[in-house]
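Let me begin by presenting the structure, written as structure tokens, before commenting on it.
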Amino acid sequence: MEWKNIYRGLLMGTSDVIPGVSGGTIAVLLGIYERLIAAINGLTSKDWKKQLGFLIPLGIGVGTAILLLSHVISWLFEHYPGPTKFFFLGLIIGVLPYLFHKSDAKNTFNAKHIVILLVGAVVVGSLMIFQTSEGASIENITTSTYILLFFSGMIASSAMILPGISGSFMLYVIGVYTTVIGAVENMQLDIIAVTGTGIVIGLVVMTKIINYFLNQYYTGTFALIIGMVIGSVFVVFPGWPGDMAGMILSVVTFGLGLAAAYLLGKVEYE
């Protein structure tokens, strides 16, 4: 068992709770993205037991963070939405140097890869068009609600594993984020089970697709990933604070996010 993955999972789980921040981006920062894709993809192979030593500690960390931090994140977004987003903005921008280093962009990128990068940035950046205020939690749970939650979980997890696209944000766009996060806070097992099943299936399908492209088109895939991370900056950016106190706090949290990215990169890559 790779028990170090518990802390990595805690960081990924924390980001997965937050609309606009991708667990895939954090996995890249932690230096485990390709290993994560290969491990999930390997669950359907004859070597599936070998992958569990990597995935179980990671899953424990992710699950613990989601269960413990759903209340904290809800509180932060209710009381300090701007500074909280600026922290993750710093974290996202801080991951970009590691992405360029990992892909050896200076030596491998050509005009085609720049175009792919720009496409990725535009596709993810355009998601900010959908940033509207979500309604209240769904109270009347019917069969159609469970179907919606199942497919929402599939879509969210497919986005979750892609750097730059937030699974929570996709739930927000679909209109079930409040319902799902409320179910986690209140331990509504039926909603958690249905959504969770969709998430697992979505992860398995999407990792097979990503694994194929990483193996066949490594540089192009990383160009797209870098573009998606750049695009997520526009999605997460909350706008400039209207008062000096808010501006100072946001600058401080942005700096903390950059520092966290730098320190994590030092720990994982050196």
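Annotations for the structure displayed:
- Residue ranges of helices (runs of 4 or more DSSP H) in region 162-270 with at least 3 members open to solvent by less than 30 Å² (accessible area, probe 1.4 Å) and within 30 Å of Thr142 (Cα to Cα): 167-174, 177-186, 189-216
- Any hit, region 112-120, residues being open to solvent by 20 Å² or more (accessible area, probe 1.4 Å) and free of Cβ contacts under 8 Å to residues at least 60 places away in the same chain: yes
- Taken as a whole, the structure leaves Lys208 outside the set of residues that are among the charged types (D, E, K, R), free of Cβ contacts under 8 Å to residues at least 24 places away in the same chain and within 30 Å of Phe100 (Cβ to Cβ).
- Some residue of region 145-153 being in contact (Cβ under 8 Å) with a residue 40 or more places away in the chain, part of a helix (DSSP H, G or I), among the small types (Gly, Ala, Ser) and surrounded by fewer than 22 Cβ atoms within 10 Å (Cβ to Cβ): no
- Every residue from region 221-270 that is touching a Lys or Arg at 6+ places or on another chain (Cβ under 9 Å) and under 16 Å from Ser15 (Cα atoms): Val236, Phe237, Thr253
- Annotation: Ile138 fulfils all but one of (1) aliphatic (A, V, I, L, M); (2) outside any helix (DSSP H, G or I); (3) under 24 Å from Ala259 (Cα atoms); the unmet one is (3).
- Pairs where the first residue, in region 38-49, is touching a residue at least 24 places away in the same chain (Cβ under 8 Å) and the second is open to solvent by 70 Å² or more (accessible area, probe 1.4 Å), C-beta under 6 Å, 6+ apart: Asn41/Lys208
The values are calculated or read from the model by the stated rules, or taken from the named source; none is laboratory data. For clarity, every value in this text was computed on a predicted model and none was experimentally measured. Positions of Cβ are backbone-derived with ideal geometry, glycine not excepted, and every protein chain shown enters the neighbour counts. Calculation scope for accessible area: heavy atoms of the full protein, side chains included, ligands and nucleic acids excluded. Shrake-Rupley method; radii C 1.70, N 1.55, O 1.52, S 1.80 Å.
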